[in-house]
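Q: What follows is a single structure, and I will ask about it in a moment.
The values are calculated or read from the model by the stated rules, or taken from the named source; none is laboratory data. Given the structure is predicted, the values throughout are model-derived calculations rather than measurements. Glycine also receives a Cβ, built like all others from the backbone with ideal geometry; neighbour counts cover every protein chain displayed.
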Amino acid sequence: MANVSAAQVKELREKTGAGMLDCKKALTETDGNMEKAIEFLREQGLASAAKKAGRVAAEGVVESYIHAGGRIGVIVEVNCETDFVAKTDEFRAMCRDIAMHIAASRPEYLRREDISDEVVARETEIFRQQTLNEGKPEAVVDKIVAGRVDKFLREQCLLDQPFVKDPSVTVEKLVAAKIGKIGENISIRRFVRYEMGEGIEKRQDDFVSEVMAQVKQ
């Protein structure tokens, strides 16, 4: 099988909106052939059709979600290709769900690429010291640390988090499925989350449970 470069993975991700690991697998399975990789992802339900030439996902909505009592607020921008899709109930409901997810799950970043090398290096060193302090055999320390770093990244990145309303899929898979159904490129561009009294020492509440209780009402 052909060696797959980071540049190829990035290009395929930009064309399809699929995840990095999925893009790498598709390119590996197709010996680096970009068009076949796109077809592979479409067959797996992980990508939409390649973006139409000259079309940019610049339409969409800025969705907000305020948790009961005004204790948490979220603003998220979700883009699509056309104003028609942006106005549909299905697209807006997805954006609402994503905003609610952000309120409940507290992501710090959108995707892994947004995390600086310095942060990853710092967390890696912390996990290494923790693992050594636990007395783990030297031979398995690197493997344990790698697993803990990966878990940290998954917990911190919105696209990698299990979707609160259906933990069997990640937020990235949720968006990918919607792309396949709607037929347009969809991307979460940015978000911000505010929590009342953030940074002030206070009682910690289970906001995930509170948000989910509201969903079920």
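Q: For the list (1) within 22 Å of residue 112 (Cβ to Cβ); (2) among the charged types (D, E, K, R); (3) modelled with pLDDT of 85 or more, I need the number of the one condition that residue 15 fails.
A: Failing condition for residue 15: (3).
Q: OK, next. List the number of the failed condition for residue 177; all other conditions in (1) over 28 Å from residue 67 (Cβ atoms); (2) of a type outside the set (D, E, K, R); (3) modelled with pLDDT under 90; (4) assigned to a helix (DSSP H, G or I) hold.
A: So residue 177 meets the others, but not (1).
Q: Identify all residues within region 128-143 that are surrounded by 16 or more Cβ atoms within 10 Å (Cβ to Cβ) and touching a Lys or Arg at 6+ places or on another chain (Cβ under 8 Å); write none if there are none.
A: Taking region 128-143 first, the residues surrounded by 16 or more Cβ atoms within 10 Å (Cβ to Cβ) are 128, 131.
Correct list: 131 only.
Q: Looking only at region 9-40, which residues are of a type in the set (S, T, N, Q) and within 13 Å of residue 176 (Cβ to Cβ)? Full working, then the answer.
A: Of the residues in region 9-40, the ones of a type in the set (S, T, N, Q) are 16, 28, 30, 33.
16 - this is the single residue of region 9-40 that is of a type in the set (S, T, N, Q) and within 13 Å of residue 176 (Cβ to Cβ).
Q: Pairs under 6 Å by beta carbon, first residue more than 15 Å from residue 175 (Cβ to Cβ) and in a loop (DSSP other than H, G, I, E, B) in region 101-112, partner of a type outside the set (Lys, Arg) and at pLDDT below 95, six or more apart or different chains?
A: Between residues of region 101-112 that are more than 15 Å from residue 175 (Cβ to Cβ) and in a loop (DSSP other than H, G, I, E, B) and residues that are of a type outside the set (Lys, Arg) and at pLDDT below 95, the close pairs are 108/156.
Q: Report whether or not residue 191 is assigned by TED's automatic domain parsing to the domain that holds residue 78 and at pLDDT 90 or above.
A: Values: assigned by TED's automatic domain parsing to the domain that holds residue 78: yes; at pLDDT 90 or above: yes.
Spelling it out, residue 191 is indeed assigned by TED's automatic domain parsing to the domain that holds residue 78 and at pLDDT 90 or above.
Q: Let me confirm something: among 125, 90, which residue is exposed (fewer than 12 other Cβ atoms within 10 Å of the Cβ), assigned by TED's automatic domain parsing to the domain that holds residue 76, among the acidic types (Asp, Glu) and in a helix (DSSP H, G or I)? Show your work before the answer.
A: Values: 125 fails: assigned by TED's automatic domain parsing to the domain that holds residue 76.
Result of the check over 125, 90: 90.
Q: Still on this structure, please answer the following. Going by the conditions given, is residue 117 more than 30 Å from residue 39 (Cα to Cα) and either exposed (fewer than 12 other Cβ atoms within 10 Å of the Cβ) or outside the structural domain of residue 76 (by TED's automatic domain parsing) (or both)?
A: On the way: more than 30 Å from residue 39 (Cα to Cα): yes; either exposed (fewer than 12 other Cβ atoms within 10 Å of the Cβ) or outside the structural domain of residue 76 (by TED's automatic domain parsing) (or both): yes.
Yes, satisfied.
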